[in-house]
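Report on the following structure.
The values are calculated or read from the model by the stated rules, or taken from the named source; none is laboratory data. Computed from a predicted model, the values in this text were never measured in an experiment. Neighbour counts run over all protein chains shown; Cβ positions are idealised from the backbone, glycine included.
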């Protein structure tokens with residue numbers, strides 16, 4: 001038991017430490033290189049380094065590589081499939097690269113995007129799902145996961161060859177892009193992602209497998225380190241490299257940890273966000289109207305196109321950190337709902 005615990009704790013500790021070191025390095029490097037974005041939720045509109053996903057993927061991958069190192073040098077017999085671990089590392093690197101391309105698409109003059117003018121234009125809407133498909137290829141080629149799934153309220157369904165070739169790429173593409181939609185306030189992405197992964201880590205301990213425990217633990221350590229720099233007031237903004245990485249990593253964790261049914265439920269806030277954005281053809285901003293006293297007003301009045309708009313309508317004169325906490329609370333509720341449904345043997 002101690003041996004198995006160490007093969008999880010040591011990679012997680014390394015992931016946390018490397019992420020901290022990498023974020024500190026990239027903060028300075030990106031500031032000097034012009035990979036920056038404006039924090040529009042502050043009156044002074046500070047310019048902060050962005051693309052938090054790159055240092056986080058370094059930390060996450062380093063943790064998993066430590067596990068592979070221990071196995072390769074015969075410190076222990078690996079429990080997790082090394083093919084799965086390598087595929088995970090490659091997948092998240094490819095996804096983060098796509099997000100980074102989005103982050104560095106900066107124009108000399110402000111252009112209108114999602115209802116506001118900004119120098120960051122990003123990729124075109126149709127390019128995002130197409131490019132995030134590359135992140136699914138490593139899992140497709142190794143035929144990852146189990147094709148028989150126990151779906152909530154449905155039961156066991158065997159998808160056969162369609163699982164690795166159709167369902168996995170669609171899930172990763174959707175997960176990366178849907179997670180990218182719910183952002184805009186300090187700490188929302190890092191905090192909600194960490195809560196989701198913590199739920200998956202606990203689920204893996206009680207119901208899942210070792211691979212799920214390992215990936216969840218290392219991913220949670222990386223996100224916890226990122227949260228230190230992204231929480232209010234943020235020192236570094238997440239950028240699409242972070243949101244794409246986190247969304248895709250959560251989906252990969254679900255697949256390799258064989259917890260798709262649980263994962264579908266904890267991912268519902270982002271599914272809702274996708275549907276809300278779709279209702280306005282994705283031409284919508286999650287940001288509110290900043291007031292003189294530092295609070296926010298819903299940008300579309302009573303019309304709701306994002307969970308952040310719900311927060312601004314439910315909470316009276318919310319501050320930025322209150323909006324973030326509202327979204328964290330929503331995610332925590334769905335994590336608890338998923339555990340409740342599991343206890344009731346719904347899946």
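Of all residues in the stretch 59-104, none satisfies the criterion of being touching a strand residue (DSSP E or B) at 6+ places or on another chain (Cβ under 8 Å) and within 13 Å of residue 218 (Cα to Cα). Within the stretch 77-105, if we keep just the residues that are within 30 Å of residue 38 (Cα to Cα) and not in a helix (DSSP H, G or I), the residue that is modelled with the lowest pLDDT turns out to be 105.
Say we look at the stretch 159-203 and pick out the residues that are in contact with a helix residue (DSSP H, G or I) (Cβ under 7 Å, 6 or more places away or on another chain) and more than 25 Å from residue 228 (Cα to Cα); which of these is surrounded by the most Cβ atoms within 10 Å (Cβ to Cβ)? Among those residues, the one meeting the criterion is 172. Mind checking whether some residue in the stretch 318-327 is outside any helix (DSSP H, G or I), over 30 Å from residue 208 (Cβ atoms) and in contact (Cβ under 8 Å) with a residue 12 or more places away in the chain? Within the stretch 318-327, one or more residues are outside any helix (DSSP H, G or I), over 30 Å from residue 208 (Cβ atoms) and in contact (Cβ under 8 Å) with a residue 12 or more places away in the chain.
Can you pull out the residues in the stretch 1-42 that are outside any helix (DSSP H, G or I) and out of contact with any strand residue (DSSP E or B) (no Cβ under 7 Å at 6 or more places or on another chain)? If the condition is that a residue be outside any helix (DSSP H, G or I) and out of contact with any strand residue (DSSP E or B) (no Cβ under 7 Å at 6 or more places or on another chain), then 1, 34, 40, 42 are the ones that fit. Of all the criteria given as (1) more than 20 Å from residue 330 (Cβ to Cβ); (2) surrounded by fewer than 24 Cβ atoms within 10 Å (Cβ to Cβ); (3) touching a residue at least 24 places away in the same chain (Cβ under 8 Å), the one not satisfied by residue 206 is (3).
Checked across the stretch 140-158, the condition of being under 17 Å from residue 259 (Cβ atoms), modelled with pLDDT of 90 or more and surrounded by 15 or more Cβ atoms within 10 Å (Cβ to Cβ) holds for no residue.
Residues that are touching a helix residue (DSSP H, G or I) at 6+ places or on another chain (Cβ under 9 Å) and surrounded by 22 or more Cβ atoms within 10 Å (Cβ to Cβ) within the stretch 306-333 comprise 306, 307, 308, 309, 311, 312, 318, 323, 324, 327, 331, listed in sequence order.
Does residue 346 qualify as being in contact (Cβ under 8 Å) with a residue 24 or more places away in the chain and either loosely packed, with under 13 Cβ neighbours inside 10 Å or part of a helix (DSSP H, G or I) (or both)? Give the steps one after another, and end with the answer.
Values: in contact (Cβ under 8 Å) with a residue 24 or more places away in the chain: yes; either loosely packed, with under 13 Cβ neighbours inside 10 Å or part of a helix (DSSP H, G or I) (or both): no.
When the stated conditions are applied, residue 346 does not pass them.
Residues in the stretch 26-66 that are farther than 25 Å from residue 179 by Cβ and in contact (Cβ under 8 Å) with a residue 24 or more places away in the chain: 34, 43, 66.
Every condition in (1) within 20 Å of residue 214 (Cβ to Cβ); (2) in contact with a helix residue (DSSP H, G or I) (Cβ under 9 Å, 6 or more places away or on another chain); (3) surrounded by 13 or more Cβ atoms within 10 Å (Cβ to Cβ) is met by residue 72 except one, and the failing one is (3).
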